[in-house]
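Scroll down for the structure; my scribbles are underneath it.
The values are calculated or read from the model by the stated rules, or taken from the named source; none is laboratory data. Owing to the predicted nature of the structure, the values given are computational and were not obtained by experimental measurement. Cβ atoms come from the backbone with ideal geometry, glycine included; neighbour counts cover every protein chain shown. Calculation scope for accessible area: heavy atoms of the full protein, side chains included, ligands and nucleic acids excluded. Shrake-Rupley method; radii C 1.70, N 1.55, O 1.52, S 1.80 Å.
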Amino acid sequence: MRIVVVGGSGHIGTFLIPRLVRAGHDVVNISRGQRSSYAGDPAWQQVRQVSADREAEDREGTFGDRVAGLQPDAVIDLICFTADSATALVERLRGATGHLLHCGSIWRAGPSDRSPLTEDNAPPPVGEYGIAKAAIAEMLREETRSGGLVTTSLHPGHIVGPGWHPIGPLGNLDPAVWRKLSAGEPIEVPGIGAEFMHHVHADDVAQAFEAAVDHRDAAAGEDFSVVAPSALNVRGYARIGASWFGRTAELRTVTWDQFRAGTDDEAGQSSWEHLVRNHSFSIDKARTLIEYRPRYQPEEAVLESLRWLIGHGRIDVAGPLTV
């Protein structure tokens, strides 16, 4: 099967493309540049690389022609962020390819009102990004269920893996939290620290896409939450993180106003965006229909990211990992 991956040079593609090659597929990667993958694999030598600027070609109305011209049996789109872009690709591929798989986000669901969330009970999204991802997923479902192009959307959680800064225990990318945890210094936590974040290893996301390709009929017209088997809340995540350095987390509860006053605007807003959603998802649907079997628990995935960052001098910590 010829599979075209759009945006395959990123974290998901780093693991997905070698998986597809090893499964015997003819793989084409469309990306804007020629950046190396985050982890080396000899399978990349068998991949055809096509350079394209997705945004520019979407504006010109030519991107769909580029993809269709490669005569794919399946297309995996990892970098589509607007309903207009998704719709244009669907309309061009309708009748020209057998399966379009879209990478969405768990943020297509809004702040939780129950746990775990499923594909059927997710509350309405908030924010431009989540609203767009929800709209794309709905369009794809209707496309397939009305007899059009076979589509599937997969919605990863907070992706982690080698080369990737994980969303930290406070819901942002500020690396200072790891230095504090490694030194046993106090951490200011907004609220009570019970809010969940749902991480997933990039290779588990790749596994889910491969599984959806393999189970095309079961995946047709469906959307799937793709996350680790469990989620971590702020308190648990901080305590686990401190233990990796042989420390005990000292958590101090503060108000959101106090928290924002003690961090920069971007980190404060990121914390709010992650923690107000309080996401914890079920993967039962993906397990049942496409046999998704995630390898990593969330703390295992984050630890792998952290180990890579420390080993490559990308993050400042007060002492070595003890695990």
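The selection criterion, being modelled with pLDDT of 95 or more, open to solvent by 80 Å² or more (accessible area, probe 1.4 Å), within 30 Å of E142 (Cβ to Cβ) and more than 20 Å from the chain's Cα centre (by Cα), holds for D217. Among all residues of segment 266-279, there is at least one that is in contact (Cβ under 8 Å) with a residue 12 or more places away in the chain, of a type outside the set (V, I, T) and not in a helix (DSSP H, G or I).
Counting residues that are in contact with a strand residue (DSSP E or B) (Cβ under 9 Å, 6 or more places away or on another chain), of a type in the set (D, E, K, R) and open to solvent by less than 20 Å² (accessible area, probe 1.4 Å), which strands (runs of 3 or more DSSP E) fully inside segment 1-79 reach at least 1?
Those strands (runs of 3 or more DSSP E) span 74-77.
Within segment 278-299, restricting attention to residues that are β-branched (V, I, T) and over 20 Å from H158 (Cβ atoms), the residue that is most open to solvent (accessible area, probe 1.4 Å) is T288. For segment 105-113, indicate whether the set of residues that are of a type outside the set (K, R), part of a loop (DSSP other than H, G, I, E, B) and either without any contact (Cβ under 8 Å) to a residue 24 or more places away in the chain or over 23 Å from A286 (Cβ atoms) (or both) is non-empty. Taking every residue of segment 105-113 in turn, at least one turns out to be of a type outside the set (K, R), part of a loop (DSSP other than H, G, I, E, B) and either without any contact (Cβ under 8 Å) to a residue 24 or more places away in the chain or over 23 Å from A286 (Cβ atoms) (or both). Of all residues in segment 118-143, those satisfying the criterion of being open to solvent by 30 Å² or more (accessible area, probe 1.4 Å) and within 16 Å of L89 (Cβ to Cβ) are A135, E138, M139, R141, E142.
Among the residues of segment 231-249, is there at least one that is surrounded by fewer than 16 Cβ atoms within 10 Å (Cβ to Cβ), within 21 Å of G171 (Cβ to Cβ) and not hydroxyl-bearing (S, T, Y)? Taking every residue of segment 231-249 in turn, none turns out to be surrounded by fewer than 16 Cβ atoms within 10 Å (Cβ to Cβ), within 21 Å of G171 (Cβ to Cβ) and not hydroxyl-bearing (S, T, Y). The number of residues in segment 144-173 being open to solvent by 20 Å² or more (accessible area, probe 1.4 Å) and without any contact (Cβ under 8 Å) to a residue 60 or more places away in the chain comes to 3. Which ones in segment 185-210 are open to solvent by 30 Å² or more (accessible area, probe 1.4 Å) and touching an Asp or Glu at 6+ places or on another chain (Cβ under 8 Å)? Correct list: E185, P186.
Just checking, how many residues over segment 83-104 are open to solvent by less than 30 Å² (accessible area, probe 1.4 Å) and in a loop (DSSP other than H, G, I, E, B)? Total meeting the criteria: 3.
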